[in-house]
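Taken together, the values in this text are just the output of simple stated rules run on the coordinates, not laboratory data. Note that the structure is predicted; figures quoted are calculated from it, not measured. All Cβ positions, even for glycine, are placed from backbone atoms using ideal geometry, and neighbour counts span all protein chains on display.
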Amino acid sequence: MSTLKTFLLRVAASLLFLAVPVLGVWTFVTAEANGWWFPLNVSSYGGEIDYLFDLILWMVAITFVLTEGALVWLVWRFSRPDSSRAVFSHGSHKLEMIWTAVPALLLVFIAFSQMEAWSKVKIAMPDGTRPDEPYTVEKPLAEVYASQFDWRFRYPDAEGNFEGADVVESAYDFYVPVNTKVLVRLRSRDVLHSFFIPQFRLKQDAVPGMEIPVWFKAEETGSYELICAELCGWGHYKMAGKIHVLPEDEYEAWLANARTALYSNGSED
Amino acid sequence: MSRNLVTAGVAAALFAGCSFEPEQPVLEHEPNAKAIAENVDLANSPTAQDQLAGALEMLFGTPEHPGYMRLESWIEEEYDPNQGSWNLSDEEFDALKASNRAAFAKQIAAIEAGDLDAVARPRYAPDLWRRYEALVAEAPDDLNATYADTEGTWRDELVYLFEGYYPSLTATAEFYRQQCNHCHGPSGGGDGSTAPYLNPRPRDYRPGIFKFTALANKARPRHGDLMRILEEGIYMTAMPSFRRFSDAQLHGLADYVELLAKRGETEILLALDYAADEGFGGLEKVQETYEFVLDRWEKAADNVIVYDGEVPAATPERLAAGQRLFLGAEGEGANCVSCHGPTGIGDGPSAREVDPETGLERYVKDEWGNEIRPRNLARGIYRFGRRPIDLYRRIYAGINGTPMPEHFGMQIIEADGSKRALDEDDIWNLVHYVRSLGERPLEVARHDTSGNEEHAEGH
């Protein structure tokens, strides 16, 4: 092979491997401008989830760039025609210690940094499930019932009873007050579903036979998508809902209106 | 070298196969096998079956191009059943406009800003886009110029196109194929590919019978009844709420379901009327059947059940009276106990029968030939609405196509032995009693064993 051809091949191979980290990093750098990034966060704890995501993303990004850089350099360096033959070597305690200990330390670091967020979102329910939290919510605002393939929202009657005749039921549309800690009781009537509101950074599986408490505090009014994030059958793709965050007074008015509508005499149908 | 060529060829073939919009097979209407089998003459004549399919295509079009045939008199009267939007009330039209405004917010904002290049093609509504493109082709540079057909400007006219969008039957047929076909089937026979796996089975529209309406006298459903099913879904069945679509899309679906139901009814009636020597009785007879079917749907609105007054409160007296009616046998009370059982859990003796073919006991069958269980009232879960008025309507008019009969006006015997017809007040008593079964199932069960001894001895 001519020297020029070898040189061009080496350049092409190195550039090919270089394209991976360059394109990968470019995707992330331009993601926000292209609308590929996360939807707006509107929940009280969403910021902590995003912080954890960013933390892990940075750790992964640095490792990725360094590894890819090393790979490109090796491709370039050892494709030289005059480079020495590969040498077989077996075992290096030093190297093994490093590549075991460094990831292990990173994992321990991640495990400790996420504990506060996990406890806040999944353990410290606002009804005082964890004793050192002040009791801010006495009862669930609503029961979220997942079934193949829709969401139903059941609001208790004035006494907080979910069994009574005055329970308000809503299909698809879930109304909640803004700036209020909302506790919901998540249930499923058939298979596994997952209650996922991207704008709240909230995702929780619904398990048949279990009543799982879920809480959130939405800080901005608006309507957000609610989707099922657990493949639950052939109609999974159509299992959607909408969560409407309303000002406190509008929420109260909606609920009062829905209660009155229960006792309609049918003239508006 | 040849190996590289093969690799390149495979890669090219793979890329070529990756189409973002795969071609869909063209849907075709399927004949109603059950209706045809019931008429021996028709079942034996493939020619007549072809004629029937041809007549239906003439009257209702194909799944690709659906549409009602307009009779000459309709054209004179300017009546057109293909224009679903003509039937909307003012409030419905306002709601439709608000919903379209949200659905086409980007397009409308672009038009209002005068930037027509920024108007993106909506993800659905191909008919709307065609009309829009045709209109834009004629639009002057200055959108503030007066539009000839109206008093407003061109800008208003373009906005109105989006705001007042109501899908054509053809556009809806495509939407039906995407969302409904896999359960309800191309002709609405409830025989789509997922149907065998569902319980209860998807509705077969073809007999024109719909279980859940606000109507009495087994009337055909109104547009509003179908809309409510699309919006709320049917609880604890595979029919979900379709609220994630715009009002316009749902109105279109309701119109299309109506078309399929009318087509199915016409098919059944024509199949029934066919005789070997007379055929289908000529074009006139076919048109007569067509008009008869459409007319029956027109009259639906006269049958809405509305209670004149406020929903009465559930007093202990009403609950006691309701329980008496619930447990009373035929001719004495409302006879609910015969199917729903003394505790309302759906274990009454009339709910089951012996299958003549197998000799085994099973639940009785409904209009569509599926076994049907009486509702377990102790669970407090109702298929279609838990408002008192919803239960009132179920009891008042029964449930179409099922063994649940109409109760209004049936004969009952008072505690003092006098006979009278079951009236609206009695229905409220029943509604409250039935609701009490669902609210506190345990208490009622206890209550029932004590109150039911007499009843049990009577058997």
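Per-residue ellipticity at 222 nm for the protein assembly as shown, helices alone: DSSP H runs ≥ 4 residues times -39500 (n - 2.57), over residue total, nearest 500 deg cm²/dmol?
Computed mean residue ellipticity for the protein assembly as shown: -14500 deg cm²/dmol.
Are there any helices in chain B, counted as whole DSSP H runs, that stretch 20 Å or more along their axis by Cα and score at least 0.5 on average by Kyte-Doolittle, and if so which? Numbers along the way, then the final one.
Numbers: long enough: B:2-17 (22 Å, 1.09); B:46-60 (21 Å, 0.32); B:247-273 (39 Å, 0.13); B:282-298 (25 Å, -0.82); B:424-439 (22 Å, -0.51).
What comes out of the filter, once short or polar helices are dropped, is B:2-17.
Based on a Kirkwood Rh over C-alpha pairs, give the Stokes-Einstein translational diffusion coefficient of the protein assembly as shown at 4 °C and viscosity 1.567 mPa s in µm²/s.
42
For chain A, return all DSSP H helices satisfying: extent of Cα atoms along own axis at least 15 Å; mean Kyte-Doolittle hydropathy at least -0.5.
Those that clear 15 Å and a mean of -0.5 are A:3-34, A:46-78, A:93-118.
With r as the distance between the Cβ atoms of B:ALA105 and B:GLU406 and R0 = 51 Å, compute the FRET efficiency 1/(1 + (r/R0)^6) and round to 0.05.
On the way: r = 47 Å, r/R0 = 0.92.
Computed FRET efficiency for B:GLU406 and B:ALA105: 0.65.
Please compute the length gained on full extension between B:ALA148 and B:ASP347, using 0.36 nm multiplied by the number of residues separating them and subtracting their Cα-Cα distance.
64.8 nm
Rank these for me by crowding, A:SER14, A:SER2, going from fewest to most other beta carbons within 10 Å.
Lowest count first: A:SER2, A:SER14.
Full-extension gain between A:GLU248 and A:ILE62, please, as 0.36 nm times their residue separation minus the C-alpha to C-alpha distance.
Here the answer is 62.5 nm.
What nm value, rounded to one decimal, do you get for the distance between B:ASP423 and A:GLU159 when each label is placed 7 Å out toward the C-beta?
Each label point lies 7 Å from its Cα, and together they span 3.3 nm.
Suppose every Lys and Arg Cβ carries +1 and every Asp and Glu Cβ carries -1, with no other charges. What dipole size does chain B come out with about its Cα centre, to the nearest 20 debye?
2080
If I model a spin label at A:ALA261 and A:GLU116 as a point 7 Å from the Cα along the Cα→Cβ vector, what separation in nanometres do I get?
Taking the simple label geometry, A:ALA261 and A:GLU116 are separated by 4.3 nm.
Could you give me D for chain B, from Stokes-Einstein at 20 °C and 1.002 mPa s, where the hydrodynamic radius is the Kirkwood radius over C-alpha pairs? Units µm² s⁻¹, please.
83
Beyond 22 Å, what share of the Cα-Cα pairs of the stretch B:316-454 is found? Please give it as a whole percent.
37
Kindly provide the GluC sites (Glu not before Pro) of the stretch B:262-369 that DSSP labels as loop, not H, G, I, E or B, and whose Cβ sees at most 13 other Cβ atoms within 10 Å.
Answer in residue order: B:GLU278, B:GLU310, B:GLU357.
How much length would be gained if the chain were fully extended between B:SER338 and B:GLU23, taking 0.36 nm per residue of separation minus their Cα-Cα distance, in nm to one decimal?
Once the chain is fully extended between B:SER338 and B:GLU23, it gains 108.1 nm.
For the stretch A:162-211, what is the Kirkwood estimate of the hydrodynamic radius, computed as the reciprocal of the mean inverse distance between distinct Cα atoms, to one decimal in Å?
Values: mean 1/r = 0.0775 Å⁻¹.
By the Kirkwood definition, the hydrodynamic radius is 12.9 Å.
Once the Cα gyration tensor of the stretch A:209-269 is diagonalised, what are the square roots of 5 times its eigenvalues, in whole Å and ordered largest first, as equivalent ellipsoid semi-axes?
27, 20, 13
Quick check for you: which residues of the stretch B:268-301 have the amide N under 13 Å from the point 7 Å beyond the Cα of B:VAL40 toward its beta carbon?
Those under the cut-off are B:276.
Measuring from centroid to centroid over Cα atoms, what is the spacing of the stretch A:159-205 and the stretch B:40-84 in Å?
47
Would you kindly compute the Cα radius of gyration of the stretch B:280-347 and its largest Cα-Cα separation (Dmax), both in Å?
Rg then Dmax for the stretch B:280-347, in Å: 21.5, 63.
Give a quick list of GluC sites (Glu not before Pro) in the stretch B:69-109 that DSSP marks as loop, anything other than H, G, I, E or B, with at most 14 other Cβ atoms within 10 Å. Show your work: numbers first, answer last.
Values: sites: B:GLU72, B:GLU76, B:GLU77, B:GLU78, B:GLU91, B:GLU92; in loops: B:GLU78.
Those satisfying the criteria are B:GLU78.
Scale the Cα Rg of chain A by the rule-of-thumb value 2.2 N^0.38 Å and send over the ratio, two decimals.
On the way: Rg = 26.9 Å, N = 269, 2.2 N^0.38 = 18.4 Å.
Rg over 2.2 N^0.38 Å, computed on Cα atoms: 1.46.
Treating the Cα atoms of the stretch B:89-163 as identical point scatterers in vacuum, please give the log10 of the normalised Debye intensity I(q)/I(0) at q = 0.11, 0.16, 0.28 Å⁻¹, two decimals.
-0.27, -0.57, -1.43
What FRET efficiency do you get for B:ASN4 and B:ARG131 if R0 is 41 Å and r is their Cβ-Cβ distance, rounded to the nearest 0.05?
0.20
Past the 32 Å Cα-Cα mark, which pairs from A:LYS181/B:LYS211; A:LYS139/B:LYS106; B:LYS299/B:LYS365; A:LYS94/A:LYS122?
A:LYS181/B:LYS211; A:LYS139/B:LYS106; A:LYS94/A:LYS122
What is the spread of the Cα atoms of the stretch A:142-262 along each of their three principal axes, largest first, in whole Å?
38, 32, 22
Stokes-Einstein D for the stretch A:26-166 at 37 °C, 0.692 mPa s, Kirkwood Rh over Cα pairs, in µm²/s?
In µm²/s, the coefficient rounds to 154.
Most fluctuating residue of A:PHE216, A:PHE109, A:PHE200 in a GNM of chain A with Cα springs under 10 Å: which is it?
Evaluated over chain A, the most mobile residue of the options is A:PHE109.
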